Protein chains: 2
Amino acid sequence: MSKEIPYKIYLDEKDIPSSWYNMRADMKNKPAPLLNPGTRQPMTAQELSGVFCEELVKQELDETTPYIEIPQEIRDFYKMYRPAPLVRAYCLEKKLGTPAKIYYKFEGNNTSGSHKLNSAIAQAYYAKKQGLKGVTTETGAGQWGTALSMACAYFELDCKVFMVKVSYEQKPFRREVMRTYGASVTPSPSEMTEVGRKILAEHPGTTGSLGCAISEAVEVATHNEGYRYVLGSVLNQVLLHQSVIGLEAKAAFDKYGIKPDMIIGCAGGGSNLGGLIAPFMGEKLRGEADYRIIAVEPASCPSFTRGKYAYDFCDTGMICPLAKMYTLGSSFIPAPNHAGGLRFHGMSTTLSQLYHDGYMEAVTAKQTEVFEAAEYFARVEGILPAPESSHAIKVAIDEAKKCKETGEEKTILFGLTGTGYFDLVAYEKFNNGEMDDYIPTDAELEEALSRLP
Amino acid sequence: MSKEIPYKIYLDEKDIPSSWYNMRADMKNKPAPLLNPGTRQPMTAQELSGVFCEELVKQELDETTPYIEIPQEIRDFYKMYRPAPLVRAYCLEKKLGTPAKIYYKFEGNNTSGSHKLNSAIAQAYYAKKQGLKGVTTETGAGQWGTALSMACAYFELDCKVFMVKVSYEQKPFRREVMRTYGASVTPSPSEMTEVGRKILAEHPGTTGSLGCAISEAVEVATHNEGYRYVLGSVLNQVLLHQSVIGLEAKAAFDKYGIKPDMIIGCAGGGSNLGGLIAPFMGEKLRGEADYRIIAVEPASCPSFTRGKYAYDFCDTGMICPLAKMYTLGSSFIPAPNHAGGLRFHGMSTTLSQLYHDGYMEAVTAKQTEVFEAAEYFARVEGILPAPESSHAIKVAIDEAKKCKETGEEKTILFGLTGTGYFDLVAYEKFNNGEMDDYIPTDAELEEALSRLP
């Protein structure tokens, strides 16, 4: 194909996907089911419905339907900020002097600043449709909480957010955005819940973790009439909603007859990565095409690369269902790395199964080298990236440099999941040379893994 | 025309304007020339070249060329974030229940968060082309400083920013973005310059103003070999570069055969407003079409509505040329309103002449009603607006409500100049009910105006 490729490939509004794609339908080995923490039996739809909205429970359990239609109300909301551009990183390529062709799918062009809005609006919609009063959730970096507060404002739902304490303190302005959208925000662990009080008693002075915040949000949802809990990552339903990222990216590539050689995404709970790779992984699962797929996780929280594939709790308070996943142990509380969105001890069950079956690779990146890549990228591509997204930037740059050595003209796609406007405390530390690289010792990991259920 | 109008009208990359449009070429009454503060004679190109880059001086003085070609290097940079979308505010219209059709040209989809980048990249380009080492500037809200630091990083120029002290304190993270892009940032007034020391001696404890910061930046530029001063608003060259906003908006409207009835923009020094209205004003000046054009300024700094049309200094230190403009007096230091980008005592000479000749209207808005409009807009349109831009939102909503009363289906265009990610201290005050409305008394204004040169 000889069509000139613009800096930004935009699809038409009418080409926003009309259905989400469900990778599980094409997986031979399905992800293992969630287990009831009491009985250790697979969670039934009825049991899950006490925690989650009904329609979302259906999506969570659906392993066979490849395409699930996106309701018109959600598509209308998507039109406010989608299609998101697929950007050709011409300036980065030039600066690196690489023959590689680098593309990124940019999901930061909305006020929540990240891809999280794709699932937030879907979950808020189903909550509204079910006639609920409101929803509760946790947030790490604050991206998910912001996205959910926007979505709830749009559908006029109450929104209660438990924010990991370290992020709450590092990102005071995140709280204000959520309040501007009408949400209430509580630093976690808090004295407001039973599980929060218990965690505080056991770990006084803890800076919290996603696992703690999840426990608190679930407790509040299940103890209040008309509320359900919603989650921004890990779950199958979230990966399903996030498939719009990959579907749009693939449609944009198809317009120009391009096939990426490798796809790189950061991995915390797996929402962005699972969404970005979805249609490509579909082709790979069906044997129609092959792609290198690389998950990048922080060296401080290396679930894939140093965790164990086992049943574990998704939350620190051990009140949630058990999931079979790559995990560092639900008692593992990662160092206060600035990529708050990647500080989760576990991983999506779907991605865990795919990784286990050899469909994807995983690598780690250290915090300071991630910020070096972030600053380099910002100066040439003009976008200030979120620390989470910068994990993918770091590895994309590494791969482009390898192409420079070998002369290979590989096509690299990475997910630029969001912007770093609320991460300036982290950038300040980096600019002042005060950032460190915490990597857990083998002993620490063994200790947490020894407590697996 | 019956074509369905999408939520966001995007032009193709090839339709990024290839020339800027110079309103002055179509003005019968040209804006009055800048005067030398010593001789009170019109500034010559040679005199201006000590302060500004040569090519920019040519643009500053060019009153006859209607279209000035945009160099390819600048157009390539524009491709990283332009064309900017023209958004149909369907959700806002629905919420208001108005028959009006509301559109906004959104300039916040780049890391600097505002339209300022359009001129920053042009000014940095000409500085680089002239072989300079670096540039100096002032910044109020921080939008211009951020934009300039990005532009300088791209062309590898040194960038020294003087930031109005009140903004420096309200927006600690703005400084970090600029540092991440490699700029140095000094709160103004500072002890670093002669004029800064003088202002501090006369007004101890002052929170600064754009006028002070300009004086300091000009002093540093003129006292350092290989440096020139660049300015983010007020000047003719800046309005010229910003005409891309209006040119793109008009091209997007033309695609659908739409003609707006009124065009609304916030006005501080006039860069956004002058750019947004440029091609529409051109038609109006040439008698080809008519539009209502409305400038919105903060009640705390009402240059158009309560100022005087007279020659005045552009800076507090009175070392810059004199400009004939609507002014509150260069000694007027506005209250620490949160719309830092609108806290300038004067106004573009071009817009001043057009206002004087009756081609546009001006209104004021109070701070709290501006933030009410901002929050309302954020919740329905999903974008957190900058306080500056929210002045235009406030008046656009007012006009849409009038249409609801009269049943008129007017087409409203307003400029959404940027995002409010760095204005969360202001939103916090608003959310806490701690925001006030400062409006200068007649006596205060008379005092400042009595000191006009």
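The values are calculated or read from the model by the stated rules, or taken from the named source; none is laboratory data. Source: prediction; values computed, not measured. A quick note on method: Cβ atoms are made from the backbone with ideal geometry, for glycine too, and the neighbour counts reach across all protein chains shown. To get the accessible areas, we keep the full protein, side chains included, count just its heavy atoms, and leave off ligands, DNA and RNA. Shrake-Rupley method; radii C 1.70, N 1.55, O 1.52, S 1.80 Å.
Please compute, for peptide B:376-386, the average count of beta-carbon atoms on other protein chains lying within 10 Å of each residue's beta-carbon. Walk me through the intermediate numbers first.
On the way: counts 0, 0, 7, 9, 3, 4, 13, 6, 11, 1, 0.
Other-chain Cβ atoms within 10 Å of each residue's Cβ, averaged: 5.
Since only B:143, A:57, A:27 are under comparison, the one whose Cα sits farthest along the positive direction of the charge dipole of the protein assembly as shown, derived from C-beta charges on Lys, Arg, Asp and Glu, is A:27.
Once backbone amide H atoms are built at 1.01 Å from N, residue B:163 has B:139, B:186, B:188 as its partners under 5 Å, excluding neighbours fewer than 5 places away on the same chain. Residue by residue along B:417-429, Cβ atoms of other protein chains within 10 Å of the local Cβ number 4 on average. A Cβ-based charge dipole, computed about the Cα centre of chain A with Lys and Arg at +1 and Asp and Glu at -1, lands at about 640 debye. Each Lys or Arg adds one and each Asp or Glu takes one away; over the other residues whose Cβ falls under 9 Å from the Cβ of residue A:341, this sums to +1. A viscosity of 1.002 mPa s and a temperature of 20 °C, combined with the Kirkwood radius over C-alpha pairs in the Stokes-Einstein formula, give segment A:115-159 a diffusion coefficient of 212 µm²/s.
Can you give the local net charge around residue A:266? Use residues other than it whose beta-carbon is closer than 11 angstrom to its beta-carbon, Lys and Arg +1, Asp and Glu -1.
Values: positive: A:394; negative: A:297, A:388.
With Lys, Arg at +1 and Asp, Glu at -1, the neighbours total -1.
Taking every Cα-Cα distance in segment B:306-453 and sorting them into 10 Å bins starting at zero, the pair-distance distribution P(r) comes out as 10, 33, 33, 20, 3, 0 percent. Percent of Cα-Cα pairs more than 22 Å apart in segment B:1-145, please. Tail fraction, whole percent: 58. Each 10 Å bin, from zero up to the one with the longest distance, holds this percent of the alpha carbon pairs of segment B:13-84: 17, 36, 32, 14, 2. Taking the average, over residues, of other Cβ atoms within 10 Å as the packing measure, peptides B:328-339, A:380-391, B:267-278, B:49-60 rank B:267-278, A:380-391, B:328-339, B:49-60 from highest down. Within the shell of other residues whose beta carbon sits under 15 angstrom from the beta carbon of residue A:112, the net charge comes to +2, with Lys and Arg scored +1 and Asp and Glu -1.
Just so you know, the averaged projected area of the alpha carbon convex hull for segment B:222-364 sits at 9.8 nm².
Here the chain A residue lying nearest the rotation axis onto B, judged by its C-beta and given with the distance in whole angstrom, is A:421, 2.
Since only A:117, A:246, B:270 are under comparison, the one whose Cα sits farthest along the positive direction of the charge dipole of the protein assembly as shown, derived from C-beta charges on Lys, Arg, Asp and Glu, is A:246. 3J(HN,Hα) along segment A:249-265: 4, 5, 5, 5, 4, 4, 4, 10, x, 9, 10, x, 7, 9, 10, 10, x Hz, from the Karplus curve 6.51 cos²θ - 1.76 cosθ + 1.60 with θ = phi - 60°, whole Hz, x for Gly and Pro. Compared with the dominant Cα axis of chain B, that is its longest principal axis, helix B:367-381 is turned about 50°. Using the Stokes-Einstein relation with a Kirkwood hydrodynamic radius computed over Cα pairs, the translational diffusion coefficient of the protein assembly as shown at 25 °C and a viscosity of 0.890 mPa s comes to 87 µm²/s.
How high is the relative contact order of chain A, in percent, counting Cα pairs under 8 Å that sit 6 or more residues apart? Please list the in-between numbers first.
Values: 1004 pairs, mean separation 89.3, N = 453.
Rounded, it is 20 percent for chain A.
Taking amide H as placed 1.01 Å from N in the peptide plane, the amide H of residue A:102 sits under 5 Å from that of A:89, A:412, each at least 5 places away or on another chain.
Is segment B:94-136 best put as rounded, prolate or oblate by its Cα gyration tensor, with a ≥ b ≥ c the root eigenvalues, rounded for a/c under 1.5, and otherwise prolate when a/b is larger than b/c, oblate when not? Present the calculation step by step, with values, prior to reporting the outcome.
Values: a/c = 6.54, a/b = 4.14, b/c = 1.58.
Taking the square roots of the gyration eigenvalues as a ≥ b ≥ c, segment B:94-136 is prolate.
Calculated accessible area for chain A comes out at 33 Å² per residue, all protein chains present (probe 1.4 Å; ligands, DNA, RNA ignored). Using only the Cα atoms, work out Rg/Rh for segment B:393-445, with Rh taken as the Kirkwood radius, to two decimals. Answer for segment B:393-445: 1.12. For chain A, the 222 nm mean residue ellipticity estimated from helices alone, with every DSSP H stretch of n ≥ 4 adding -39500 (n - 2.57) and the total spread over all residues, rounds to -12500 deg cm²/dmol.
Order the peptides B:37-48, A:124-135, A:33-44 from the highest to the lowest mean number of other Cβ atoms within 10 Å of their residues. Could the numbers behind the result be given before it?
Details: B:37-48: 13.0, A:124-135: 19.9, A:33-44: 14.5.
Ranked from most to least packed, the peptides come out as A:124-135, A:33-44, B:37-48.
Only one residue of A:417, A:443, A:427 has its Cα farthest out toward the positive end of the dipole of segment A:401-453, where Lys and Arg carry +1 and Asp and Glu -1 on Cβ, and that residue is A:417.
The phi torsions of segment A:116-131, fed into the Karplus equation with coefficients 6.51, -1.76 and 1.60 and a -60° offset, translate into couplings of 4, 4, 4, 8, 4, 5, 5, 5, 5, 4, 5, 5, 4, 4, 7, x Hz, rounded to whole numbers, with Gly and Pro shown as x.
Summarise the partner chain shielding of A:150-159 as one whole number: the mean count of Cβ atoms from other chains within 10 Å of each residue's Cβ.
Working: counts 5, 1, 1, 5, 5, 0, 1, 0, 0, 0.
Average per residue, whole number: 2.
For chain B, the alpha-carbon coordinates run over 60, 48, 43 Å along the three principal axes, in decreasing order.
Which of the three applies to segment A:114-199, rounded, prolate or oblate, going by the alpha-carbon gyration tensor with a ≥ b ≥ c and a/c under 1.5 meaning rounded?
Numbers: a/c = 2.08, a/b = 1.39, b/c = 1.49.
Here segment A:114-199 falls in the oblate category.
By how many degrees, between 0 and 90 and to the nearest 10, does the Cα long axis of helix B:271-285 differ from the longest principal axis of chain B? Helix B:271-285 sits roughly 60 degrees off the main axis of chain B. Leaving out same-chain residues fewer than 8 places away, which lysines sit with a Cα under 19 Å from that of residue A:116? Output for residue A:116: A:79, A:105, A:128, A:160, A:171. Basic side chains Lys and Arg get +1 at the Cβ, acidic Asp and Glu get -1 at the Cβ, and with that the dipole of the protein assembly as shown about its Cα centre reaches some 1100 debye.
The other copies place their residue B:405 label points at 7.2 nm from this one, listed shortest first, where each point is 7 Å from Cα along Cα→Cβ. Once the label point is placed 7 Å from Cα along Cβ, list for residue B:432 the distances to the corresponding points in the other copies, in nm, shortest first. From this label point to the equivalent ones elsewhere in the assembly: 2.3 nm. Each residue of segment A:40-49 was assigned a 3J(HN,Hα) from its phi angle through the Karplus expression (A = 6.51, B = -1.76, C = 1.60, θ = phi - 60°), giving 6, 9, x, 5, 8, 4, 5, 4, 5, 5 Hz with x at Gly and Pro. Averaging 1/r over every pair of different alpha carbons in segment A:299-382 and inverting the result gives a Kirkwood radius of 14.0 Å. Scoring B:96-108, B:288-300 by mean Cβ neighbours within 10 Å over their residues and listing the highest first yields B:96-108, B:288-300.
Counting only protein heavy atoms and a probe of 1.4 Å, the accessible surface of segment B:1-147 is 50% carbon and sulfur.
Less than 5 angstrom separates the built amide H of residue A:345 from those of A:211, all sequence-distant by 5 or more or on a different chain.
On C-alpha positions alone, give me the angle between the axis of helix B:387-406 and the longest principal axis of chain B, in degrees, nearest 10. Computed tilt is about 30 degrees.
A Förster radius of 41 Å combined with the Cβ-Cβ distance from residue A:62 to residue B:259 puts the calculated FRET efficiency at roughly 0.25. Partner lysines whose Cα lies under 16 Å from the Cα of residue A:284, excluding those fewer than 8 positions away in the same chain, are identified as A:28, A:30, A:250, A:259. Distances, shortest first, from the label point of residue B:308 to those at the same position in the other copies read 8.2 nm; the point lies 7 Å along Cα to C-beta.
Cross-link reach is defined here as a Cα-Cα straight distance under 20 Å, omitting same-chain residues fewer than 8 places apart; for residue A:366 the lysines meeting it are A:394, A:401, A:402, A:429.
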